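Colleague: Below are the structure tokens for one structure; questions will follow.
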Amino acid sequence: MIKAILLACSVLVHGVWADDPPNVLFIAVDDLRPELACYGESHMVTPHIDKLAASGRLFKNHYVAVPTCGASRYALMTGYKPTTATDGNGAFGRMSGTYPSEPESWVDLLRRNGWYTVSMGKLSHEPDGYRWSYPGSYDYGRYKANSADMPFSWNEIVWDHGKWGATWYPLFAYADGTGRVRSVTPAYEAGVDADGQSLADDAYPDGQITEAAIEKLREFKDDDRRFCLALGFFKPHLPFNAPKAYFDLYAAEGLPGPSPVTAPSGALSGTVTNSGEVNSYSQQNDRAALRHAYFACVSYIDAQVGKVLDELDRLGLSENTVVVLWGDHGWCLDDYGVIGKHKVLERSLHAPLIIRSPEMTNPTAFRGQQTTGVVSTIDIYPTIAELCGLQTPEAVDGESLVPMLRNPYAPGKNIAFSLFNNLSTVRSADWRLIKVSGNYDLYDLASFPYEVEDISGENPSVVSELSTHIGQAGQRQEGIQYADWAKQNALLLEKGADSDSDTFTNHQEYLMGTDALSPLSRPGLEVSCEDLSGYGYGEQDIVISYIAYTNRNDGVVAPSGSYDLKNWQSEDLTLLDVEELGEHRYRFKFRHSALGDKAFFRLWFE
């Protein structure tokens, strides 16, 4: 039984990175749609990515800028919104061949500021980081690596072509050391040895990338070097090749089929067309087998992610390393009746984004909570910059997502803009508007997660409003800074001052929404014993609740619990309930596990 509860309103202030900025581990996964258990797809076997999501922030509504590899990655690296000049796989050709005055990418920004930057795999368009000369088809016959896709970003580009040799295009590797032969090689391969046993993970390039990454992490640890290690895994890009063990994780019967199964009713011409990519392979007509193979490849990559993150933990590097996992776009597996990625529909543009940052921007109390605000790939650049204590160049179009890392209930953007050829689209919280040659489709995505029926005719005002955002980068909604709140009031200009002498600083009252000029208006905690049997807990459990604003871009309020006041050891608090009070004001309610006979609580403010 709890004998004592202490409401400790002591103030813990966390500042900005100064002497020890974090490392960065960036993981790009090709053609990965949000077909992951942590995104609610319970049929998927993805325990390692799920574990990452449980310790960081999963962005439920992240959208890529362009649904094709090179252009999507160009937007990622530069933070620029897409244009007709950068919506194709040749986008990296726009990077300067001479040293630019401004960083060419967020990787270059890190490199210029002391991070040692290493690339492994597909981070730009080319799978080994270099632009090659090749004959008419790039499947086979590459003969000269001309220059890096990103000439000034990497201290090292690490790649061993292994048994495939440089002449085969690495993205299309088969276990026997060959690559794609158009219309001959199969669309999928369950890798087995001569005895029919599953091949090891390193039978394919992604397993070898993993081994190289582990070795590089050990080097960084030994050298005590601040690093940015970027990994670009190939699968689940076609061909869907993986060791047989990952196919065996799924029963072929009973796997979910496509959704939706048909094209949207009333869709404009060109909105729903098949990609020709799959036609480069044989054995691609059995779509159930193809789906099975895609799922197997996702689990194969999940295992590689797990190995790298386990090594990061083993080396003691996790606490000071920002980890980002990003899918470069989605993929249609007969959804809408089409296959491939080159669409401006939800299945092609919706992709995973998970970010785990050190505790300063990842409060334990909110760890693992999903955030549902709309965000875009172009927002990753300024996010990494802020997490590393660096200034984002003015030309970057994206906005930092750090407020959403601090608090999952912080608002997202008003829209995400995407482009492909003559198709452009904006995605808001509830709608998708698609523009084709001056005409519009409108889809209600609040009622169903995918495009089913064009309802533009019934909603002209929505079409009119959203159409004004075509070509825009979008903005985070109603986020404010301390200076906006202080409004040049001389009594409030000093954040650390206590203008009303109530023992709370102006900044703390700003975060919690109380009047910093009235001693009668004080932030506070409420602690009580409540019957939580309806939640599956006890009848007299300790509950802490407080009110705070979530649209503060430069700070957060988060609770902490301990059984020892002198030697504070943060205990897990369970988020029970979040009540929206309006105007970005929320009441948060947490449960303390209360294993001892005393319980202490604090609020900390960043």
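The values are calculated or read from the model by the stated rules, or taken from the named source; none is laboratory data. Everything quoted here is computed from the prediction, not taken from an experiment. With ideal geometry, Cβ positions are generated from the backbone for all residues, glycine too; neighbour counts draw on all protein chains shown. Keep in mind that these areas ignore ligands, DNA and RNA; they rest on the heavy atoms of the full protein, side chains included. Shrake-Rupley method; radii C 1.70, N 1.55, O 1.52, S 1.80 Å.
Colleague: What does the extension gain come out to for Gln540 and Ala251, with contour length at 0.36 nm per residue minus their alpha carbon separation?
Modeller: Values: separation 289, 0.36 × 289 = 104.04 nm, distance 4.47 nm.
Extra length from Gln540 to Ala251 when fully extended: 99.6 nm.
Colleague: Report Rg (one decimal) and Dmax (nearest whole number) for the chain, counting Cα atoms only, units Å.
Modeller: 25.2, 79
Colleague: Additional query: Round to a whole number: what % of the accessible area of segment 120-241 belongs to carbon and sulfur, probe 1.4 Å? List each step's numbers first, then the result.
Modeller: Details: 2280 of 4900 Å².
On segment 120-241, the fraction of accessible area on carbon and sulfur atoms equals 47 percent.
Colleague: Give Lys307/Lys589; Lys144/Lys221; Lys81/Lys122; Lys81/Lys221; Lys60/Lys495; Lys81/Lys435 a once-over and call out the pairs whose C-alpha atoms are over 27 Å from each other.
Modeller: Lys307/Lys589; Lys144/Lys221; Lys81/Lys221; Lys60/Lys495
Colleague: Once the Cα atoms of helix 69-78 and of the chain are each reduced to a long axis, what angle between those two axes, in degrees from 0 to 90 to the nearest 10, is obtained?
Modeller: In the chain, helix 69-78 runs at an angle near 40 degrees to the longest axis.
Colleague: Continuing with this model, one more query. I'd like the antiparallel share, as a percent to the nearest 5, of DSSP beta bridges with both residues in the chain. Walk me through the intermediate numbers first.
Modeller: Working: 61 of 101 bridges.
The answer is about 60 percent antiparallel.
Colleague: What distance in nm separates the two pseudo spin-label positions at Asp222 and Asn279, each 7 Å out from Cα along the beta-carbon direction?
Modeller: Spacing of the two 7 Å Cα→Cβ label points: 5.2 nm.
Colleague: For the chain, what does the accessible surface come to per residue with a 1.4 Å probe? Please give it in Å². Write down the numbers at each step before the final one.
Modeller: Numbers: 23520 Å² over 606 residues.
Roughly 39 Å² per residue, with all protein chains present.
Colleague: Please go through segment 371-467 and write out the GluC sites (Glu not before Pro) that DSSP classes as loop and that have at most 13 other C-beta atoms within 10 Å.
Modeller: Details: sites: Glu386, Glu394, Glu399, Glu451, Glu453, Glu458, Glu465; in loops: Glu394, Glu399, Glu451, Glu458.
Hits after loop and neighbour filter: Glu394, Glu458.
Colleague: Within segment 503-519, what residues put their amide N at less than 14 Å from the label point 7 Å along the Cα-to-Cβ vector of Lys495?
Modeller: The answer is 505-512.
Colleague: Based on Cβ point charges of +1 for Lys and Arg and -1 for Asp and Glu, what charge dipole magnitude is obtained for the chain about its Cα centre, in debye rounded to the nearest 20?
Modeller: On the way: 50 positive and 80 negative charges, 193 e Å.
With only Lys, Arg, Asp and Glu charged at Cβ, the dipole is about 920 debye.
Colleague: Can you list which of the trypsin sites (Lys or Arg not before Pro) found in segment 565-606 are DSSP loop residues with at most 14 other C-beta atoms within 10 Å?
Modeller: Lys566
Colleague: Taking the simple approach of a point 7 Å from Cα along Cα-to-Cβ for both Thr178 and His43, what is their distance in nm?
Modeller: 3.1 nm
Colleague: Trypsin sites (Lys or Arg not before Pro) within segment 152-212: which are DSSP loop residues with at most 15 other Cβ atoms inside 10 Å?
Modeller: On the way: sites: Lys163, Arg180, Arg182; in loops: Arg180, Arg182.
When the trypsin sites (Lys or Arg not before Pro) of segment 152-212 are filtered for loop state and at most 15 Cβ neighbours within 10 Å, Arg182 remain.
Colleague: Now a separate question. At Asp484 and Thr262, where each label point lies 7 Å from the Cα along Cα→Cβ, what is the point-to-point distance in nanometres?
Modeller: 4.6 nm
Colleague: Before anything else, pin down the relative contact order of the chain: Cα pairs under 8 Å, at least 6 apart, normalised by residue count, whole percent. Provide the component values of the computation, followed by the final result.
Modeller: Details: 1389 pairs, mean separation 119.3, N = 606.
So the answer I get is 20 percent.
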